[in-house]
Each structure stands twice: as structure tokens, then as C-alpha cells.
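Note sheet for the following structure.
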Amino acid sequence: MPEKENKEKILVVDDSPDTLEVLQRNLSTQGYIVFAAPGVSEAIRVLESSPIDLVITDLKMPKVSGLELIRHVRENFKNTEVMMITGYATIEGAVQAVKSGAEEYLTKPFTDEELASAVRRVLDKLHRRMSTESQMRTLPVAPHGLIGESGAMKKVAEAIAKAASISATVLIHGESGTGKELVARAIHYSSGRASAPFIPVNCGGIPEGLLESELFGYVKGSFTGANESRAGFFQTAEGGSIFLDEISETSLAMQVKLLRVLQDKEVCMVGATRGRKVDVRIIAATNKDLPGLVKKGIFREDLYFRLNVININIPPLRERDDDVFLLAQNFAAKFAKELDRLAPHFSENSLRALRSYYWPGNVRELENVIQRLVVMTDSDLIDIPDMPSQMRFSALRESGLTRTLAEVEGEYIKNVLASVHGNKTRAAEILGIDRKTLREKLKGIGHAEE
């Protein structure tokens with residue numbers, strides 16, 4: 001037998017000591033390095049401590065079944081194949097094993113030759129798969145950095161084109177990380193103002209006491225430390241566009257001043273006695289429910305109507321169909337180029353994991369995940385075992401025996417939300433709680449209502 005085969009490692013998992021002994025002795029005589037485990041927990045510890053080429057597992061075992069072990073291996077160890085053996089031979093069992101990811105299914109009793117042939121077929125397939133190089137998919141051109149071919153994003157593109165053709169105020173709404181600033185930039189650079197400045201301002205990131213002077217500027221001597229006059233963001237954006245992100249974070253007093261800018265087309269510098277005219281297009285954005293804030297008296301109704309001339313809603317990533325695939329590939333190419341290496345490609349299983357994840361952080365979260373994968377993965381193939389743990393199946397986690405009550409509750413809430421496509425009112429009904437309670441629970445698990 002070739003030396004390469006002598007080094008192949010096999011893990012046998014069975015709750016029967018006699019079966020473990022027979023399999024271990026049989027496979028060892030064939031030149032394999034054999035590990036044995038009486039259950040799934042022990043098997044996972046072996047897998048995490050040593051690279052294994054093949055797992056041979058029994059179907060019926062206490063606590064956690066062989067099917068769950070197969071799925072765990074498939075989603076956590078991409079260079080490990082799986083075989084199932086069982087004394088309960090049924091068509092349903094065979095189908096389940098294959099669907100879970102088993103390459104072979106042997107029924108007890110089996111001969112030494114049958115076992116040897118099955119093991120060799122599985123290991124040969126593993127080596128063929130590991131030596132096969134996949135071709136990169138052609139990536140679509142992304143105008144203004146906006147990537148997406150879903151119906152939802154096509155509507156956004158149409159709205160951008162309409163907004164770019166006129167100078168009316170635009171209000172962009174979308175969850176955190178959906179790309180509100182990208183949309184604002186696309187509007188500006190597609191408009192007649194493209195040659196003038198685009199000035200982004202994070203209203204929530206500037207202390208209230210400084211926001212007025214930052215936006216409108218100040219004259220020399222207007223306050224302690226004002227040793228010279230300085231123009232604000234509005235003057236800097238003359239002829240172009242100013243992007244007011246997180247507009248909902250401004251105080252009522254600042255909202256009055258912004259309303260005056262929209263009405264009179266002029267700003268008054270801090271310490272000045274007269275205003276000055278400005279030619280600036282205002283594009284505002286929020287991840288909050290502004291009509292709801294208006295009803296609560298937190299946001300001025302007249303300012304809301306002034307801002308909401310053209311309204312663009314950006315869909316969350318979970319509602320963008322297969323855009324997640326296009327985004328993942330583009331991000332992979334981008335970060336691979338920065339590292340001066342070829343872009344990796346994604347297995348079908350990894351793409352399925354990306355598609356089924358809820359993405360509370362939307363495109364920004366996806367970009368961060370792909371950057372980490374490109375940096376940390378040495379292979380040119382990104383597979384399920386490379387994915388973050390929350391995107392992979394875990395036999396121990398799914399058994400519910402190692403998680404806290406808060407973790408179980410959090411996962412259930414996320415699953416309910418996903419089942420109703422993010423409809424929090426419907427999710428609250430299913431959970432038997434009110435929206436306020438749901439909102440608090442979402443904050444606790446990192447899914448704060450935006």
C-alpha cells in the first residue's frame with residue numbers, strides 16, 4: 001500500500017466497545033492510523049485535536065445521533081469525509097445519511113472486503129476533491145460601489161436615477177450597514193453637482209454642543225477658543241451635496257436651524273448677525289422610524305416633510321435574494337487584491353450558509369466577515385468549516401445541553417424573526433410578548449431595532 005495511504009487517519013465512532021475494537025483492529029492492519037470514540041462528544045474532541053481524513057460513525061447512539069455528527073463534520077471540517085454504519089438498515093436511514101453528508105452507508109454485518117472497499121472509495125474521492133481547482137466566477141461591474149441584481153436593489157437604482165435628475169431633498173431610510181452613504185454618493189455623483197464637493201456628516205457622532213459650529217461655521221471671537229473665523233460643512237459643500245447621516249439624532253433646537261436652511265437656503269454662522277446664502281443639496285439618512293418619532297414629539301413634523309421630498313428605502317440584506325453571493329465575491333476579490341493574491345471562491349455549502357444567515361449588520365457585517373475569511377483562510381476554497389461559528393451547525397450546540405437559557409432564547413427569537421422575514425409585530429405575536437419587550441430582548445442579543 002502506498003506510503004500516503006499509511007498516513008491517512010480514520011476516526012471510528014460507536015457506542016459499542018466490541019464494534020470499536022473490531023473496526024480499529026481491522027483498519028489498523030490495512031495501514032491506517034485509527035482513533036476511536038464511544039460517542040459524539042468524544043469524537044468532536046478528537047476532531048478538534050487532530051486532523052482526520054475519514055469519520056466512520058454508527059447511526060444509533062445515546063444523546064447525540066450519528067446523523068448530527070455527520071452534519072457537524074460537514075460544517076466544521078472541510079477536509080474530512082464521513083461514512084455511516086448501522087445495524088438498522090432502512091431506505092429512510094440511508095437517505096438521511098446521504099442528505100446529511102455521508103459518502104458511504106454500510107449495513108452491519110459487513111465483510112472486511114466491503115469495509116476496505118468503501119473506505120478506499122471515500123478516501124480517493126476526498127483526495128480528488130482536494131486536488132481539484134475551481135474557476136473564479138465573473139464578477140459584475142458595480143456602478144458607484146452599489147452591487148446587487150435583486151428586484152429590491154433595482155428599485156433603489158431607479159430611485160437613484162430619478163433623484164439625480166433633480167435637486168430636491170432626499171431622505172434615505174435603511175437599517176444600519178445597508179449602504180445609505182453609498183446611495184447618497186451615487187445620487188451626488190450621478191447628478192449635475194458631481195464636480196462639486198460631497199460632504200458626509202455623522203450627526204450622531206458630533207457632540208450636540210459642537211454640531212452647530214461644525215455645520216454652519218463660526219466667526220472669530222464668537223466663543224472661547226474661536227481665534228479665527230471658520231467655515232462650516234454647509235459652506236464647504238457649496239455647489240455640491242451635504243449628507244446628514246443619523247438625522248434622527250439631532251436635537252429639536254438643531255432641527256429648527258436645519259429647517260431654516262431648507263426654507264431660506266441660507267446659514268447663519270455662530271456669532272454672526274446675518275445669514276449667508278448657500279447652494280447645497282441636502283441628502284439625509286436615518287435607521288429610525290421618523291414618523292414614529294414625530295408622533296412622540298422627538299422629531300419635528302415640518303422638518304420631516306421638508307426632508308421627505310424624495311424617499312429611498314434600502315432593503316436589508318436578508319431581503320435581497322442572491323445579492324449576498326455577488327457581494328461576497330466582490331468583497332473577496334477586493335481583499336484578495338489588497339493582499340496581492342488570487343481571490344478565493346466559495347463552496348456551495350458556504351454560499352448556502354451565507355444566504356441563510358440573518359445578517360443583523362447587513363452589508364457592512366458581510367464585508368467584515370469576508371475580509372476575515374480572506375485573511376485567515378490559506379486555501380483558495382472557502383468552505384463551511386471556514387465560516388464563523390454562528391453560521392455553522394454544531395451537534396453539541398444543537399443538542400441544547402451546553403447553552404445558557406439566554407442563548408437558547410436568543411436563538412429562538414432570531415429563528416422566529418427569520419421565519420416572518422423580519423416582521424417584528426408578527427414575531428412578537430408568535431412569541432407571545434409585546435413589541436416593547438421584543439425590542440429589549442433584541443437589544444440584548446445584538447439585534448437592536450433600527
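Given an 8 Å cut-off on Cα distances and at least 6 residues of separation, report the relative contact order of the chain as a percent. The normalised contact order for the chain reaches 14 percent.
Averaging Cα coordinates gives a centre for the stretch 5-51 and one for the stretch 238-266; these two points are 68 Å apart. Listed by chain and number, the lysines whose alpha-carbon sits under 30 Å from that of K108, ignoring those within fewer than 8 places in the same chain, are K4, K7, K9, K60, K63, K78, K99, K125.
Of all lysines in the structure, those lying under 30 Å Cα to Cα from K441, and not within fewer than 8 positions of it along the same chain, are K180, K288, K295, K296, K414, K424. Taking every alpha-carbon pair within the stretch 403-444, the share separated by more than 16 Å comes to 26 percent.
A Förster distance of 60 Å, applied to the separation of the beta-carbon atoms of D18 and A152, puts the FRET efficiency at 0.55. Rounded to the nearest 5, what % of DSSP beta bridges with both residues in the chain are antiparallel? Bridges in the chain that DSSP calls antiparallel: roughly 10 percent. Using the Cβ atoms and a cut-off under 13 Å, what net charge is assigned to the surroundings of R276, where Lys and Arg are +1 and Asp and Glu are -1? For residues surrounding R276, the net value is 0.
Here's the picture: charge each Lys and Arg Cβ at +1 and each Asp and Glu Cβ at -1 in the chain, and of G292, I382, Q30 the one pushed furthest to the positive end of that dipole is G292.
As a proxy for reagent exposure, M254, M153 were ordered by neighbouring Cβ count within 10 angstrom, fewest first; the result is M254, M153.
Note on the chain: dipole from Cβ charges, positive end direction compared against I312, V256, A406; the farthest Cα belongs to V256. When the helices of the chain are scored as -39500 (n - 2.57) per DSSP H run of n ≥ 4 and the total is divided over every residue, the value at 222 nm lands at -14000 deg cm²/dmol.
Taking the three principal axes of the alpha carbon atoms in the chain, the coordinate ranges are 96, 51, 43 Å, sorted in descending order. Taking only the alpha-carbon positions of the stretch 308-450 and ignoring solvent, what does the Debye formula give for the base-10 log of I(q)/I(0) at q = 0.09, 0.12, 0.15 Å⁻¹? The Cα Debye sum returns log10 ratios of -0.34, -0.59, -0.87.
Where a number appears in this text, it was derived from the coordinates with a stated rule and is not lab data. Since the structure is predicted, the reported quantities are computational estimates derived from the model, not experimental observations. Positions of Cβ are generated from backbone atoms using ideal geometry, with glycine treated the same way; all protein chains shown enter the neighbour counts.
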